[in-house]
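Read-outs: derived from the displayed coordinates by stated rules, not from any lab. Source: prediction; values computed, not measured. Cβ sites come from the backbone with ideal geometry, for glycine too, and all protein chains shown count toward neighbours.
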Amino acid sequence: MGQIIIEGMEFYAYHGHFEEEQVVGGNFLVDIIIDTDTDKAAKSDSLDDALDYQSIYQDIKVEMELTSYLLENITYRIMDRLFKNHSSIEHAILKVTKLNPPIGGRVNKVSIRLEKNKV
């Protein structure tokens, strides 16, 4: 068992509770840690035996392009898609961060972190 860690995926998206956020948009960061069997790929050195990082990124990108009111919803949808599309994922920790959220004061970022095990 090993981990695949993809950090600092940047997206400009239209998520937020306020109408302005869904019109103007904002900057988001996504980080993920995936527990998966890396032994076969380590031995074969073949992408056919690995969890494809590009495919993980594309699944996250698709969900980030769909507007949501809440970070909780975005995080849930991403995690759900990843587990449906990649049977080799055993466990994952996902963090979605909104930069400069409009919450009434100077705040650099707010994040939602979700952890899920294969059922």
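In this structure, is Leu114 in contact (Cβ under 8 Å) with a residue 12 or more places away in the chain, on the phi < 0 side of the Ramachandran plot, crowded, with 16+ Cβ neighbours inside 10 Å and assigned to a loop (DSSP other than H, G, I, E, B)? Before you say what the answer is, go through the steps one by one.
Values: in contact (Cβ under 8 Å) with a residue 12 or more places away in the chain: yes; on the phi < 0 side of the Ramachandran plot: yes; crowded, with 16+ Cβ neighbours inside 10 Å: yes; assigned to a loop (DSSP other than H, G, I, E, B): no.
Spelling it out, it is not the case that Leu114 is in contact (Cβ under 8 Å) with a residue 12 or more places away in the chain, on the phi < 0 side of the Ramachandran plot, crowded, with 16+ Cβ neighbours inside 10 Å and assigned to a loop (DSSP other than H, G, I, E, B).
Any idea which of Leu71, Leu47, Leu29 is hydrophobic (A, V, I, L, M, F, W, C), farther than 18 Å from His91 by Cα and touching an Asp or Glu at 6+ places or on another chain (Cβ under 8 Å)?
Selected residue: Leu29, the only one of Leu71, Leu47, Leu29 that is hydrophobic (A, V, I, L, M, F, W, C), farther than 18 Å from His91 by Cα and touching an Asp or Glu at 6+ places or on another chain (Cβ under 8 Å).
Filter the range 14-49 down to residues that are without any contact (Cβ under 8 Å) to a residue 40 or more places away in the chain and polar (S, T, N, Q) and give me whichever is nearest to Glu115 (Cα to Cα).
Thr38
Go through the range 23-67 residue by residue and tally those that are in a strand (DSSP E or B) and surrounded by fewer than 17 Cβ atoms within 10 Å (Cβ to Cβ).
Just the residues of the range 23-67 that are in a strand (DSSP E or B), to begin with: 26-36.
Narrowing further to those that are surrounded by fewer than 17 Cβ atoms within 10 Å (Cβ to Cβ): 27, 29, 31, 33.
So the count comes out to 4.
Checking Ile78 against (1) in contact (Cβ under 8 Å) with a residue 24 or more places away in the chain; (2) over 24 Å from Val119 (Cβ atoms); (3) part of a helix (DSSP H, G or I): exactly one of these is not met. Which one?
For Ile78, the failing item is (2).
Suppose the filter is in a strand (DSSP E or B) and of a type outside the set (S, T, N, Q); does Gly8 pass it?
So Gly8 passes the test.
To keep it simple, each residue is scored yes or no on (1) basic (Lys, Arg); (2) farther than 15 Å from Ile32 by Cα; (3) in contact with a His (Cβ under 8 Å, 6 or more places away or on another chain).
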| site | (1), (2), (3) |
| --- | --- |
| Gln58 | no, no, no |
| Lys61 | yes, no, no |
| Ser68 | no, yes, yes |
| Met79 | no, no, no |
| Asn85 | no, yes, no |
| Ile93 | no, no, no |
| Gly104 | no, yes, no |
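Need pairs with beta-carbon distance below 6 Å; first residue more than 15 Å from Met64 (Cα to Cα) and within the range 1-13, second in a strand (DSSP E or B) and not charged (D, E, K, R); sequence gap 6+ or separate chains.
Filtered contacts from the range 1-13: Gln3/Ile33; Ile4/Ile34; Ile5/Ile33; Ile6/Ile32.
So Lys95 fits all but one of (1) basic (Lys, Arg); (2) in contact with a helix residue (DSSP H, G or I) (Cβ under 9 Å, 6 or more places away or on another chain); (3) closer than 19 Å to Ile5 by Cα; (4) not in a strand (DSSP E or B); what number is the exception?
Answer for Lys95: the failing condition is (4).
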